[in-house]
Structures are given as C-alpha cells and as structure tokens.
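Notes to accompany the following structure.
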Amino acid sequence: MSDLSPLRLDDGVRVLALTGAGVSAESGIPTFRDGNGLWESHRVEDVASPEGFARDPSLVWRFYSLRREAAASCAPNPGHRALAELEARLGERFLLATQNVDGLHRAAGNERLVEMHGNLFTTRCSGCDRPPFRDESLHFDAIPRCERCGAMLRPHIVWFGETLDPADLARIEDFIHESRGHRLVFLAAGTSGVVYPAAGLVEVCKRAGAETVLVNLEAPANVRAFDRVIEGRSGAVLPALFG
Ligand code: OAD
C-alpha cells in the first residue's frame, strides 16, 4: 500500500502539476495506451497526424466529433476538483500543465492551466491565421470550411509529428525559472511518461531542485525519475495528498 501522507504545502511552496489521460479515466474518458495502438479501432497515425488529415479529413473529423460527443457528456472527478482546490489555495504559486484535451480541468475550475496538446472544443483554420476559436459542433458528414478563406478547418490538437506551441512551453519554463530560491514540488498524475516533451519535465524540474512526486495506477516509463511514487487512482490519491 502506497504512503498516502499529505504533501507538505507550507508557506511559499510552488507546485507544478502535470496531468495525463489517467486523471480523466475516472470521468469515463478512455486512456490512450490501452488499445494496442488503436483509438476506437483506428490507427493513431490515421486520425491524429497531419498526414492522416491530408489523406482523409472526413475520417479525422468523424473521430474528433465522436470524442467531442463523449467528452461533452463527462464531468470532472475528485482528482480534477482536488487540483482546482489546490490552485485556489496557492494562487500564482501553482501551474497546471495538462496533456489532456478534454477541458475537464477548466470545468473543475483551474485557470492557471496550460493545455499542452490543445483542446478538443477548439477549432482552427488549416489555411489562414484566423485565431483558434471555441467550437462544440460535430461533423459526421461534410468537412467544415473556414468562413474567411475557404480552407478546411481542423481540430486545435497537437498531432503526432507536430510541435507544441512555443508560448505554452515558455509559460512552463518561466514558472520553473521563477521557482528558483523557493521550494518547488513537481507533481505528475495519470501519465505514462512516454510522450515528450511532457515526459521530460520531471528531469527539468529535478535539475531546478524540485521534489518530484508521481501519482499513477502503475509504474510508468519514467518512474525512476521520481522521489516519491504513489500507486493508485488519482481520484482517490490527489484529495488525500492535498489534505
Ligand atoms: P496514457 O494513456 O499513455 O497513460 C495514462 C496513464 O494513466 C497510464 O500509465 C495508466 O496506468 C494511468 N492511469 C489510468 N487510470 C488511472 C487513474 N484512475 N488514476 C491514475 N492513473 C491512471 O496517457 P498520457 O500519458 O496522457 O497526445 O498520454 C500522453 C499523450 O499521448 C496524450 O496526450 C496523447 C497521446 O498521444 C495527444 O493526443 C497529442
């Protein structure tokens, strides 16, 4: 049984949290690496890469429409709520970087949030520089087009082979940098530690002197990098950890 004693959250502590699909599992959203490389029976590269979109944009839109539908019917769980309460407590001494695109952290109340892999309910133009916009619409038949330039619209998701928004990475790096001279806790939850650059944040934080804590159902790829590992469900462990 893992040690569930609360984190020491004394005055001045700063917390950088990193979450992955495991944190949304208890809300009913399936994680990525349970399906033999398949998402809803599609090969990942067919539905989540620029090449897949170029080959068959309507398949990609059907896939993301199903994911929008599924996520819209899900609600935050106690793990999300615990992270929102932690932000309310720490204010600017807290930052949440998530690999999840489902919007459940924001729904729970987190605002100091970096959605590293984009957002399921945001769309952008594949052709012009119109800013990304909130979009809950579903596209099972026609491919949606940009009303400004006529190019295909696409989900605002970081696909395989694409790079993360440099502004998002800079926000995370700045938070780590500003933590020098303070106690920093890096807390990862529900992530398999195989997709970079998120998986490398633990090492970056360690080099900056952080204590590193992991909450996960099972030991992930980068488990050795953590000072403290708590095996369990985030919905049960996170509320206990923030006592
Ligand atoms: P994964 O599906 O790779 O890993 C989820 C992790 O959560 C696994 O290690 C599970 O053991 C753990 N887990 C499952 N249920 C849990 C629970 N209730 N509590 C705690 N842990 C639990 O998901 P990610 O690490 O998020 O990228 O995957 C990273 C990225 O790979 C995703 O953001 C996605 C994918 O490619 C994009 O879509 C760009």
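The values are calculated or read from the model by the stated rules, or taken from the named source; none is laboratory data. Keep in mind that what you see is a predicted model, and the values were worked out from it rather than measured. Positions of Cβ are generated from backbone atoms using ideal geometry, with glycine treated the same way; all protein chains shown enter the neighbour counts. Note: accessible area is taken over every heavy atom of the protein model, side chains too, but ligands, DNA and RNA are not part of it. Shrake-Rupley method; radii C 1.70, N 1.55, O 1.52, S 1.80 Å.
Within 15 Å of the ligand (Cβ to nearest atom) and within 20 Å of the chain's Cα centre (by Cα): is that true of A198 in this structure? Show your work before the answer.
Values: within 15 Å of the ligand (Cβ to nearest atom): yes; within 20 Å of the chain's Cα centre (by Cα): yes.
Here the answer is yes, as A198 does meet what is asked.
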Checklist entry - Of the residues V204, V185, V237, which is of a type in the set (A, V, I, L, M), surrounded by 14 or more Cβ atoms within 10 Å (Cβ to Cβ), near the ligand (Cβ under 10 Å from one of its atoms) and on the phi < 0 side of the Ramachandran plot? => result V237
Item to check | Residue within segment 146-160 that is under 15 Å from V15 (Cβ atoms) and either within 16 Å of the ligand (Cβ to nearest atom) or assigned to a loop (DSSP other than H, G, I, E, B) (or both) present | outcome: no
Item to check | Qualifying positions in segment 207-221 - more than 7 Å from the ligand (Cβ to nearest atom) and open to solvent by less than 30 Å² (accessible area, probe 1.4 Å) | outcome: A208, A210, T212, V213, L214
Checklist entry - Inside segment 5-123, counting only strands (runs of 3 or more DSSP E) that do not spill past its ends, which hold 1 or more residues that are more than 30 Å from E178 (Cα to Cα) and at pLDDT below 95? => result none
Item to check | Count - residues of segment 193-224 that are touching an Asp or Glu at 6+ places or on another chain (Cβ under 9 Å) and at pLDDT below 95 | outcome: 3
Item to check | Residue list for segment 222-234, restricted to those being within 14 Å of the ligand (Cβ to nearest atom) and under 21 Å from P78 (Cβ atoms) | outcome: V229, I230, E231, G232, R233, S234
Next on the checklist: Take M116 and tell me if it is in contact with an Asp or Glu (Cβ under 6 Å, 6 or more places away or on another chain) and either open to solvent by 40 Å² or more (accessible area, probe 1.4 Å) or not aromatic (F, W, Y) (or both).
Outcome noted: yes
Checklist entry - Of the residues that sit in segment 163-182 and are open to solvent by less than 50 Å² (accessible area, probe 1.4 Å) and in a loop (DSSP other than H, G, I, E, B), which one is farthest from F121 (Cα to Cα)? => result S179
